[in-house]
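The next block holds one structure in the form of structure tokens; read it before the comments.
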Amino acid sequence: MSSLDTNLAHEALPERQSPFLLFLRRLSGNRAFVIGGSLFLIVLVLAVFADQIAPFKPGANNFRARLEAPSAVHRFGTDHFGRDILSRAIHGGRLSLFIGLSVVLFTGVFGTLIGAASGYFRRLDNILMRIMDALMAFPAILLAITVAATLGASVQNVILALGIATTPHTARIVRASVLVVREMEFVEAARALGASHMRILFRHILANAMAPLIVRLTYVFASAILAEALLSYIGVGPPPPAATFGGIIANGRDFMVEAPWVTLFPGLIILVVVLGLNLLGDGLRDVLDPRIRV
Amino acid sequence: MRPSLKALAFAFGLMTALVGVTPAVEAAGGEIVIASVQGPPSLDAHVTNAQVARNITLHIYETLYARNENAEPVPDLAEGVSVSDDGLTYTFKLRQGVKFHNGKEMTSADVVASIERYRKIGVSPALVAAIDTVSAVSPYEVAIKLKVKQSVFLDNISSPRAPIAIYPTEEAAKGANEIQYIGTGPFKFVEYKPDSHVTLEKFADYVPNPAYQKRDGLAGKKEVLIDRVTFRFIPEAGARTAALESGAVQIVETVDGPTAERLRKDSKYVVHDVLPFAFQVIKFNHAQAPSDDVNFRKAVQAALDMQEVMEISYSGINQVDGGWVFPKSAFANDAGLDQYNVADFEKAKAFLSKSSYKGETVTFITDNLRPNVDIATVVQARLAEIGVKVDIKVADWPTTSKIGFTKTGWNFWTHGFGIEPFEGPGTVMSAFVGGNAQMVADPEIDRIAKEFYATLDDAQKKELFKQFQQRMYDNMVAIKAGNYGLFQVTSDKVKDFVPFRIPRMWGVTLAP
Amino acid sequence: MRDYLLRRLVSVIPVLFLVSLMSFAVIWIIPGDPTAAFLDASSTPEDVARLREMLGLDKPPLVQMAEWYGRVLTGDLGQSILLRIPVLSAILERLPLTLLLATLALILAVGLGVAAGTFAATRRGTWADQSVMSLALLGLSVPDFWLGLLLIVVFSVQLGWLPSGGYVPLLDDPLGWAKSMVLPTITLAVVQVGFIARMTRSAMLDVISQDFMRTADSKGLSGLYIILRHGLPNAMMPILTVTGIIAGALLGSAVVVEQVFALPGVGRLIIGGILSRDYPIIQGGLLFLTVIYLLINLVVDLLYATIDPRVRLE
């Protein structure tokens, strides 16, 4: 939270109100944040309390009820195992969100460190960026497919692959912001006042480079969920009996025309989750970056 | 006077008949496009036994003997064979006037060179392992001398698995996967665009085998009535069906159950059931605990409901059948079948308690083909009911087969057994000889197989095969879950198509 | 500027070397070998060993690596094990389709995205802004392979308007070619349109809130003039970064789209190479894609330097 506070400290605040309360008040007044946050919260609650909420066990086979269309019993229909798609989707959120969050942590930490070091200490820039270039040159999807297809798909492999794949872009975005911010007057002023590199980097530059990073991390979270779906679709996602959004879609791909609900509903859920995340990021961004606040 | 009703009907009938016949003549020619799932690793028939390759190569190349509609070996490039009294020398008389696609006539030199090449680099060396020497007796006679008597030699020489295709001498001199695709088959190779298509065209100088009146399996009269055939590779099931429904392709090599059900209701398509096409097998690794324990293996068998297993993975196109040959085979018997498809958790738990299983996690490996993953998933759920924890490892085929060919890293492995049962009981048995599939040799199976290959007596072969099947269950060497099939779908424009393992494009016509 | 270009070009060499090392690491890590594509499950370990020898795969990895570097330096990427043709010709044969697909999608994405983003930024907070941005968000949130499947079901199966895939050469049948590219291009572009629109909007808003824009505004200049003369050029840095990333991402996503729509592009070549362990294809393909990525990044960096001279002074 400290970086957010520093950020807000740059502008004239009304007296007698703590920066944190002000921040919360602005967030709650931001429509994108509220809608996105609610969508995300719903999915989060469903995922956490999946065992209590889901009407069926996610792995309960019943081949006599295979590929049933949506009904009062199976609201989203059944897959070709006769499993309830709604229940699988609720449970699927659990693993998909875990993967997304892990990837965000990975890329957030490494991307920021590398990007900031590279943008601020220009001597490091060349080496770091060349390594990032090399990593980036492996298309993220190919890298993930290679790791998952050949080493066997496991949750750790998927997180590692997506984490490595998303870090260079994050680093580049942080670096680009740092490049711009470090030339601004207030940084020069701090430098002239004899502030240390670390203080300048973390207190002034990074704090002001936060907005693009947060947009990026939202995008990483969302794209990790999309990428997991893609891996499962290609047949290299987390193995059974794990239910993930992509795994459910993959189960229905061979019956797209005859049983569209198997692919349609989980796809829509992915759409909603990712949409929620993106709105959430938008809201945070609007509130965090005071310059564009009207 | 009114014309008689009968005469009118006759005249009308004649007219319809004429009208019906005329277009069939005009219809000769045209291009048929077949939608396949994936492309072949190679079109050099000697170096691959992948099914995707043989679907195409068996249109380009031919073998001395080939399998007929009932999978029995019958002459194809050969006119016939004479076997010496000691059963060691096979003299093949070749058909005369058979042309290669390069215009050259096939003679004994080509046959000798091709078989020698196969002995050197062929990927199913077991097929030619019994051969001692191959020699040309005359331009149209080839003698093959065996080291030991082999009851299945003609089965081997006619095998479509990795066919012992006859190439021209010059090509037979080239290394693995380096040849020009020249054969004697009814179609000749035009182009291969990987990940896109293979195109073949009618071989104009092809002379159908005069010994036959009609199509017969991979032998018989191969008369080509179309100009070209293109195999188009479309990995996505939905896209394959869409291509058929939009008229871009005329034949789909395989569709899933629900799609077949839908297309069957539409008069524009004909759905052909190719059943049985293959066994679905769940292999055990006998070299690794706990699947080294026969009681553990029996517990697994007892827990499974084969109708559930087969119906989920191959809906609408499966047979719940535990025999280690196809049901219509002369070798079909019921030895050991009382132990198949028990679906009894209490029995399974009883076996389990007699076994060395201590609650550890067992590993089920599978490639990422949907039906195979489905089977692993169903087995996992069933075994959870008796307290066996199963970890499924899904990877692509090279990784999975690499693990499955070794003694560690797996307990179960499921896949199809397609060509083995088609070739016959000898090939099915050979998969378990020397512990090839199960990683630890089973002396009883090795003994039975050895006697089976050495005898020429049919009654004795049947008795030995019965013993084999009994042993498969008594020692629960591997589980046969059932038979599955393929739905081949043709558009109503494709006439005279007769379904077979390999979608044969000879004898087929295309309506305009 | 020439010095800068030279420096950037030289810096590409270590990256290429790093990537080639990484592709070797990939090959070392992944189990299985090219024989698996040729063999069924009943093959014996002896059969595998025999075929390995026949395909010339029995050399130790270090020897193979040394040989490979020796050849690459002379411009020879080696021979594909399965396809029997030089790796470079295999790639060049597939490249036009992938580049074309990516270019069509990039044009669509940048054109629509920048227009939508700028439009939304200038109408910040209005219903127009919100609807455009909602659409962009929706586009950004769609799983592309899923969209591709839906498009096939709707436009190929139900309506029968467009082909479900397959490759139609441009010269053989221009209309058929155009039809065959529609669904893949849309599938590929939709996500990127949303991405670019969002980035353009936020970059524009950043710029609009800065002092010189306020100054321009207070001088009474017209809105459109301010945006085009001052706004867009100053928002170019982030937009460029994103476009560079997207050009790369498009090549990656093209893999998926090629798979869904059965198009024989470079992506499927490499995926096929990975799945069949055709090592020369994997190595050559990855190196080739790397070169393309680096070129894109180089161009982006050069544009940076052109737009913002401060960058190239460092």
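Numbers below:
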item	result
18 Å Cα-Cα reach of B:LYS349 towards lysines, excluding residues that sit fewer than 8 places from it in its own chain	B:LYS298, B:LYS358, B:LYS389
Within 10 Å of each Cβ in C:248-259, the average number of Cβ atoms from other chains	4
For chain C, the Rg and Dmax computed from alpha carbons only, in angstrom	23.8, 84
Chain A: most fluctuating residue of A:ALA242, A:ALA195, A:ALA116 per GNM, C-alpha cutoff 10 Å	A:ALA195
Cα centroid separation, the stretch B:100-148 to the stretch C:1-58 (Å)	37 Å
Normalised per residue, the volume of the convex hull around the Cα set of the protein assembly as shown (Å³)	225 Å³
Neighbourhood net charge (13 Å Cβ-Cβ; Lys/Arg +1, Asp/Glu -1) for B:ALA71	-2
Spatial separation of Cα centroids for the stretch C:137-173 and the stretch B:391-463, in angstrom	43 Å
Hypothetical label at C:LEU303: residues of the stretch C:91-107 whose amide nitrogen lies under 14 Å (7 Å Cα-Cβ projection)	C:103, C:106-107
Environment charge of C:GLY252, counting only residues whose C-beta is closer than 13 Å and scoring Lys/Arg +1, Asp/Glu -1	-1
Packing-based order for B:72-81, B:232-241, using average beta carbon neighbours within 10 Å, highest first	B:232-241, B:72-81
Long-range amide H partners of B:TYR167 with built H, under 5 Å	B:SER114
Sequence ranges B:134-145, B:284-295, ranked by mean other-Cβ count within 10 angstrom, highest first	B:284-295, B:134-145
The protein assembly as shown, helix-only ellipticity at 222 nm - DSSP H runs n ≥ 4, -39,500 (n - 2.57), divided by all residues, nearest 500	-17000 deg cm²/dmol
Top positive-direction residue, dipole computed over the stretch A:96-216 with Cβ charges, set A:VAL174, A:GLY194, A:MET129	A:GLY194
For the stretch A:72-150, alpha-carbon Rg relative to the globular expectation (2.2 N^0.38 Å, N residues)	1.74
23 Å Cα-Cα threshold exceeded, pairs from B:LYS149/B:LYS283; B:LYS120/B:LYS202; B:LYS120/B:LYS283; B:LYS104/B:LYS174	B:LYS149/B:LYS283; B:LYS120/B:LYS202; B:LYS120/B:LYS283
Inter-chain shielding of C:151-157 (mean C-beta neighbours from other protein chains, 10 Å cut-off)	5
Cβ-defined net charge surrounding C:SER141, 13 Å radius [Lys, Arg +1; Asp, Glu -1]	-1
DSSP-loop trypsin sites (Lys or Arg not before Pro) across the stretch B:261-318, with at most 12 other Cβ within 10 angstrom	B:LYS265, B:LYS268
Virtual spin-label span in nm between B:ASP273 and B:ASP492, 7 Å along Cα→Cβ	2.2 nm
Area projected by the alpha carbon convex hull of chain B, averaged over all directions, nm²	27.9 nm²
Alpha carbon centroid spacing (whole Å) that separates the stretch A:180-217 from the stretch B:246-270	64 Å
Cross-link reach list, aspartates and glutamates versus B:LYS93, counting only Cα pairs under 12 Å and skipping chain neighbours closer than eight places	B:ASP76, B:GLU79, B:GLU141
Residue among C:LEU140, C:LEU88, C:LEU170 with the largest mean-square fluctuation in a Gaussian network model of chain C, springs linking Cα atoms under 10 Å	C:LEU170
Averaged over C:24-35, number of beta-carbon atoms from partner chains that fall within 10 Å	5
Fluctuation leader among A:LEU22, A:LEU46, A:LEU206 - chain A, Gaussian network, Cα springs under 10 angstrom	A:LEU22
Residue list for the stretch A:170-186, given a label point 7 angstrom along the Cα-to-Cβ vector of A:VAL109 and an amide N cut-off under 19 Å	A:170-172, A:174
Rounded to whole Hz, the Karplus (6.51, -1.76, 1.60) HN-Hα couplings of the stretch B:287-302, x for glycine and proline	9, 10, 5, x, 6, 7, 9, 4, 5, 5, 4, 5, 4, 5, 4, 5
FRET efficiency for B:SER82 and C:ALA49, using Cβ-Cβ distance with R0 set to 30 Å, rounded to 0.05	0.25
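Each value in this text was obtained by applying a stated rule to the coordinates, not by laboratory testing. All figures in this text were calculated on a predicted structure; none of them were measured in a lab. Reconstructed Cβ throughout: ideal geometry from the backbone, glycine too, with neighbour counts over all protein chains shown.
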